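Okay, so here's the structure we're looking at.
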């Protein structure tokens, strides 16, 4: 009887089954330094996404206020103001990431 890789006792128990399945090694456990490296990689790979998301949310809110709430009377001013808020929020998130104690 052959077990699937998810049920085979040779595979390490990894709580995430998905795109990171290739990180599981047959018969070996990941070393602590490798686990720490993967955690840091995951933390730092979100920096660009959060910066871009904050900017897009700011522009989206400004655009909706300009064109849907005020019917274009304030265009492009609210879009530009909320673009600035989005950029500020993105850099605040970046600053908070650099001040984290667990990195």
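Please determine whether any residue of the range 29-42 is free of Cβ contacts under 8 Å to residues at least 40 places away in the same chain, exposed (fewer than 15 other Cβ atoms within 10 Å of the Cβ) and assigned to a loop (DSSP other than H, G, I, E, B). Yes, some residue in the range 29-42 is free of Cβ contacts under 8 Å to residues at least 40 places away in the same chain, exposed (fewer than 15 other Cβ atoms within 10 Å of the Cβ) and assigned to a loop (DSSP other than H, G, I, E, B). Considering every residue within the range 64-78, establish whether at least one is in contact (Cβ under 8 Å) with a residue 24 or more places away in the chain and surrounded by 13 or more Cβ atoms within 10 Å (Cβ to Cβ). No.
No value in this document is a laboratory result; all are computed from the given coordinates. Computed from a predicted structure; not experimentally measured. Quick reminder, even Gly has a Cβ in these numbers, built from the backbone with ideal geometry, and neighbours come from all protein chains shown.
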